[in-house]
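For reference, the structure discussed in these notes is given below.
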Amino acid sequence: MEELINQTVQARTSASKTKDAIMASSEQLIALGIDLDDTLDRFGGNAEFLEKMLHLFVQGDTVDRMVEAFTAQNADALERTSHAIKGSAANLGFTELSSRASDVCEGLRQPAWTT
């Protein structure tokens, strides 16, 4: 029982430290366009999970795939990639990025871009 309590306390302390770290960098995140309060609410206040997802988003190859699709003039791949960015950005609170990716998706769905 004592071990379980210790594990719970350690987990909460770790999550609290992560939340503190995210809040300390909140000005940078806000400058990037993230709505931090709403995003933390969407993640159930789990700042550690949010931090993990932000790292995955930044480290992903989505932007590279988008550039490759654009260079190859592959409208289907470009639409799929911009759609992925739209959803990921929205979930992470990057509302402006999500909106711009949505505009790209809609533009690519116009007859002039279809293949």
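Bear in mind that the values in this text are calculations on the coordinates, not laboratory data. Computed from a predicted structure; not experimentally measured. Quick reminder, even Gly has a Cβ in these numbers, built from the backbone with ideal geometry, and neighbours come from all protein chains shown.
Please find the FRET efficiency linking ARG109 to GLU27, where r is the Cβ-Cβ separation and R0 is fixed at 41 Å, and quote it to the nearest 0.05.
Details: r = 37 Å, r/R0 = 0.89.
For R0 = 41 Å, the calculated efficiency reads 0.65.
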Quickly work out the ALA72-to-GLU51 label distance, labels modelled 7 Å from Cα along the C-beta direction, and quote it in nm with one decimal.
3.7
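As an exercise, identify the trypsin sites (Lys or Arg not before Pro) in the stretch 54-115 lying in DSSP coil whose Cβ has no more than 14 other Cβ atoms within 10 Å. If you can, show how the numbers build up before the last one.
Values: sites: ARG65, ARG80, LYS86, ARG100, ARG109; in loops: ARG109.
Passing sites in the stretch 54-115 are ARG109.
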Just want the ordering: HIS55, HIS83, from fewest to most Cβ atoms lying within 10 Å of their own Cβ.
HIS55, HIS83
